[in-house]
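Working notes for the structure below.
The values are calculated or read from the model by the stated rules, or taken from the named source; none is laboratory data. Quick caveat, the model's predicted, so the values are computed rather than measured. FYI the Cβ positions are ideal-geometry reconstructions off the backbone, even for glycines, and counts take in every protein chain you see. Surface areas here come from the heavy atoms of the whole protein model, side chains and all, with no ligands, DNA or RNA. Shrake-Rupley method; radii C 1.70, N 1.55, O 1.52, S 1.80 Å.
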Amino acid sequence: QVHLVESGGGLVQAGGSLRLSCAASGRTFNRYAMGWFRQAPGKEREFVAATTWSDLAYTDYGDSVKGRFTMSRDNAKNTVYLQMNSLKPEDTAVYYCAATTGLRSSIPYKYEFWGQGTQVTVSS
């Protein structure tokens, strides 16, 4: 069992940057693959990034964020991060982090645990 809490969202102008954090409870955090997803009003939940539990070389990104967003994790702090650069108005959404005991995945239902989300709003 793991409890996830996101933070770092807010309002930013287009072209700006934000860093989201996801703090996890539980002593076995380093055994979970972690993902970031986002959901805009009226749209389906969209894959942003996912990483394996130990090797950051195995990090996948959604096509819409490749080259702009970077996911990282600090197992010692039980925290994952999402650095978002060159933000666009279309990045506006609620951002969720998620954890799975399985393999990293771009599919939301593969994740057993979810945070409550943090709002990111990018103004033009």
In the range 1-15, residues that are closer than 14 Å to Trp114 by Cβ and crowded, with 17+ Cβ neighbours inside 10 Å total 3
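Here is a yes/no grid of residues against (1) assigned to a strand (DSSP E or B); (2) in contact (Cβ under 8 Å) with a residue 40 or more places away in the chain; (3) open to solvent by less than 30 Å² (accessible area, probe 1.4 Å):
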| position | (1), (2), (3) |
| --- | --- |
| Pro41 | no, no, no |
| Glu44 | no, no, no |
| Val48 | yes, yes, yes |
| Ser54 | no, no, no |
| Lys66 | no, no, no |
| Met71 | yes, no, yes |
| Leu82 | yes, yes, yes |
| Ser86 | no, yes, no |
| Tyr95 | yes, yes, yes |
The number of residues in the range 16-39 that are closer than 15 Å to Glu112 by Cα and part of a loop (DSSP other than H, G, I, E, B) is 4
All conditions in (1) in contact with a Phe, Trp or Tyr (Cβ under 6 Å, 6 or more places away or on another chain); (2) among the polar types (S, T, N, Q); (3) open to solvent by 40 Å² or more (accessible area, probe 1.4 Å) are true of Asn78 except (3)
Checked pairs for the range 1-22, first closer than 23 Å to Thr100 by Cβ, second aromatic (Phe, Trp, Tyr) and open to solvent by 30 Å² or more (accessible area, probe 1.4 Å), C-beta under 7 Å and 6 or more apart or across chains, list as Val2/Phe113; Leu4/Phe113; Leu4/Trp114; Glu6/Tyr96; Arg19/Tyr81; Leu20/Tyr81; Ser21/Tyr81
Screening Asp91, Asp60 for residues that are among the acidic types (Asp, Glu) and open to solvent by less than 50 Å² (accessible area, probe 1.4 Å) leaves only Asp91
